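I have placed the structure first, in the form of structure tokens, so that the comments after it can refer back to it.
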Amino acid sequence: MSISAQLAEYLAGAADAALPPDVEEKTALHVLDTLAAGISGSRLTAGIRGQAYAARHPTAGGVPIWGTALKVDAGVAALANGMAAHADETDDSHAPSISHPGCGVVPAALALGPELTREHLFRAVAAGYDVGTRLNLATGTAAFRDQGARSSHAFASLFGAVAAGAVALRLPAERAMAALSYGTQLASGVTTWLRDRAHVEKAFVFAGMPAHNGVLACRIADAGWESVPDPFDSAPSFFGAHAENPHPGLLVDGLGTRFEVMATTIKKYAVGSPAQAAVQAAEDLVQQGIVAADVTAIEILLPANAAHVVDGRDMPDVCVQYLVAGTLVDRGFGFAMAHDHARMEDPEIRALWRHTRLVPDEATSGTRAGTVRVRMRDDRVVTAVVTDVRGTAENPMTRTEIVAKSEDLLEPVLGRNRTRELITQVLDGDPSARLAALG
């Protein structure tokens, strides 16, 4: 079969293919993590903008907007919930494909299947992670690297949303192919989001737009529209349009045996992915007894391919200089600090920032490693190196840690009791139970 046909056949059977127990558990944790990000993010600017748009399209009996009582059309819900899920930079990330799968995949799956059973939802979500990340790997990450080029996050989230939606709707192979084919026409997103100062267009590109477009592609397919049967094979193709050196076979390599959700990071720190290691290194320095008042200079080494993403940005949660200085001043990382625009002008933080140098490190390019060196008043140099960020496949967070993170994000919005109900429902509910109450 063609690559397109293999992928469509896989999606057609995924709703009835049991996940291995460890994959199901990891998928459940990512669903919870994404819901926590989205419900928390519903109170931040990107989430609020998505809600304001959604409020123009109310629908009786529609899909819930997370953190609100509003119900709307599925496509609008996917857009608004996706934007909220990426609003506070605490959503998951998949480093090999340079993507944030959860913020696009989970909103799309729940929009198209608001009453799916836990079991069915997790299978749809796992398929979304598998296809979205593989699409980027098959395209070749070099196609996504330069400012002004295509946004890797938008492409992976779109095809992740298409795949999750196809499984949620139980589309047969012919219809799944149509969803993928229309998805190729809806693929969009460029890295102009690097100049977004409000984290609104960025949330749209990473999550809102691809989740919405994934839902649109699946609904078109479900409606029976005719479509091109080989979007990834014959010329012209998706890869011919978007890649100079594609590896199409990677799109289906290991499907059903290698689950990319297992290689996806659940963030410990609610900051832009390239800044994760630097924040963790700063916390390590605090634990070594470093006091901000005694620091005269800071050097931060981050992977050369990603350092620019977090270099001197106007948004606190994606400005690595601010995050490192703030962590040292506060003697630990805090969600509030990472989202406090006013504190970017804090004199003590600014004093450290002025003496901070960010160095793009070619030796770690393509990783999420990071190093922070501080020079002290007595001329000592103290270094903290983080090779495997907490939450990665190499250094995973425990279920207990993820539950604690979720409680921290959810309780200010839902309260203690509703938070515990939601966590229990996602992680420990009956597999046949419906998850309509997740909104």
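The values are calculated or read from the model by the stated rules, or taken from the named source; none is laboratory data. Please read all numbers here as calculations on a predicted model, not as lab measurements. All Cβ positions, glycine included, derive from the backbone under ideal geometry; neighbour counts span all protein chains shown.
Some points to look at:
- Boolean, residue 211 is surrounded by 24 or more Cβ atoms within 10 Å (Cβ to Cβ), within 27 Å of residue 29 (Cα to Cα) and not assigned by TED's automatic domain parsing to the domain that holds residue 23: no
- Condition check for residue 27: in the same structural domain as residue 177 (by TED's automatic domain parsing), at pLDDT 95 or above, closer than 23 Å to residue 425 by Cβ and among the hydroxyl-bearing types (Ser, Thr, Tyr): yes
- Which listed residue, of 326, 249, 312, 332, is more than 20 Å from the chain's Cα centre (by Cα) and assigned by TED's automatic domain parsing to the domain that holds residue 191: 249
- Filtered residue count, segment 294-336, keeping only those that are in contact (Cβ under 8 Å) with a residue 24 or more places away in the chain, closer than 18 Å to residue 384 by Cβ and either not in a helix (DSSP H, G or I) or not hydroxyl-bearing (Ser, Thr, Tyr) (or both): 22
- Residues (of a type outside the set (A, V, I, L, M), more than 24 Å from the chain's Cα centre (by Cα) and surrounded by fewer than 19 Cβ atoms within 10 Å (Cβ to Cβ)) located in segment 3-32: 6, 9, 13, 16
- Annotation note: of 140, 165, 148, 113, the sole residue that is small (Gly, Ala, Ser), out of contact with any Phe, Trp or Tyr (no Cβ under 8 Å at 6 or more places or on another chain), at pLDDT below 95 and crowded, with 24+ Cβ neighbours inside 10 Å is 113.
- A search for C-beta distances below 9 Å between a residue of segment 151-170 that is within 13 Å of residue 130 (Cα to Cα) and part of a helix (DSSP H, G or I) and any residue that is at pLDDT below 95 and of a type in the set (Val, Ile, Thr), counting only pairs 6+ apart in sequence or on different chains, returns 156/98.
Conditions tested, residue by residue: (1) over 30 Å from residue 247 (Cβ atoms); (2) without any contact (Cβ under 8 Å) to a residue 12 or more places away in the chain.
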{"site": "12", "(1), (2)": "no, no"}
{"site": "21", "(1), (2)": "yes, yes"}
{"site": "31", "(1), (2)": "no, no"}
{"site": "36", "(1), (2)": "yes, no"}
{"site": "46", "(1), (2)": "yes, no"}
{"site": "62", "(1), (2)": "yes, no"}
{"site": "67", "(1), (2)": "yes, no"}
{"site": "73", "(1), (2)": "yes, no"}
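- Candidates 276, 288, filtered to the one that is in contact (Cβ under 8 Å) with a residue 12 or more places away in the chain and surrounded by fewer than 20 Cβ atoms within 10 Å (Cβ to Cβ): 288
- Test for residue 179: is it assigned to a helix (DSSP H, G or I) and out of contact with any Cys (no Cβ under 8 Å at 6 or more places or on another chain): no
- Output for segment 33-47, where each listed residue is surrounded by fewer than 23 Cβ atoms within 10 Å (Cβ to Cβ) and outside any loop (DSSP other than H, G, I, E, B): 45
- Filter result for residue 386 (more than 27 Å from residue 124 (Cβ to Cβ), free of Cβ contacts under 8 Å to residues at least 60 places away in the same chain and among the hydrophobic types (A, V, I, L, M, F, W, C)): no
- Segment 327-339 - residue that is modelled with pLDDT of 95 or more and out of contact with any Asp or Glu (no Cβ under 8 Å at 6 or more places or on another chain) and, of those, surrounded by the most Cβ atoms within 10 Å (Cβ to Cβ): 328
- If you filter segment 3-32 down to residues that are touching a helix residue (DSSP H, G or I) at 6+ places or on another chain (Cβ under 9 Å) and not in a helix (DSSP H, G or I), you find that the one that is nearest to residue 175 (Cα to Cα) is 15.
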